[in-house]
Amino acid sequence: DLVNSVQPGVDNRQSVLATLGKPTLAGQFDQGDWYYLARDSRNLAFRNPRPNAQITLQISFDQKGTVTAIRRGGLDQVASIAPYGKKTPTLGRERGFFQDLFGNIGTVGAAGAGSGGNNGSNTGGGGRDRP
């Protein structure tokens, strides 16, 4: 088992990198921690994936880069978080489906709202001179 081959006080960052590979993530608050995560999940059609097993490995290093501690975790430490189902209210008026769908009809390209052109009138010259 590769995980058991990493020993505190013996290994350093380079040997852990050579043995286990690049960590899944590095600590955000303590840059001396590396985390390795592995999960086995079961996926069924039209259902959310369910984890069967999970291994979390936290490897801590000192200032010199030597391994100081190895902590292991499993599926028992996984927290199930349900998303908040309600919508966040927005300021202003609420628009319905049809207002969203047809709300811009007549506002884009309306007469007089052009970019300084002649708005379709043919008074700008440029045509043939007639006697």
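Every read-out reported here was derived from the displayed coordinates using simple, explicitly stated rules and does not represent laboratory data. On a predicted model such as this, the values are computed, not experimentally measured, just so you know. Note: ideal-geometry Cβ built from the backbone for every residue, glycine included; neighbour counts use all protein chains shown.
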**Study point:** Per-residue HN-Hα couplings for region 7-22 [Karplus 6.51, -1.76, 1.60; θ = phi - 60°; Hz; x = Gly/Pro]
**Key:** 10, x, x, 10, 8, 10, 4, 5, 6, 5, 4, 6, 7, 9, x, 5
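Which order do peptides 50-59, 74-83 fall in by mean Cβ count within 10 Å, highest first? Write down the numbers at each step before the final one.
Values: 50-59: 14.4, 74-83: 7.4.
Top of the packing list down: 50-59, 74-83.
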Exercise for review: Determine by what factor the alpha-carbon radius of gyration of region 3-77 differs from 2.2 N^0.38 Å, reporting the quotient.
Suggested key: 1.29
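In whole percent, what relative contact order does region 3-77 give with Cα contacts below 8 Å and a gap of six or more residues?
Numbers: 122 pairs, mean separation 22.1, N = 75.
About 29 percent, as a whole number.
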**Study point:** Integer Hz, Karplus 6.51/-1.76/1.60 couplings in order for region 72-81, x for Gly and Pro
**Key:** 10, x, x, 5, 5, 9, 7, 9, 8, 10
Study note, to complete from the structure: Counting only DSSP loop positions in region 1-85, the chymotrypsin sites (Phe, Trp or Tyr not before Pro) whose Cβ has at most 12 other Cβ atoms within 10 Å are PHE29, PHE46, TYR84
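In region 1-65, which trypsin sites (Lys or Arg not before Pro) are in a loop and have at most 11 other Cβ atoms within 10 Å, using DSSP for the loop call? Write out the running numbers ahead of the final one.
Working: sites: ARG13, ARG39, ARG42, ARG47, LYS64; in loops: ARG47, LYS64.
Hits after loop and neighbour filter: ARG47, LYS64.
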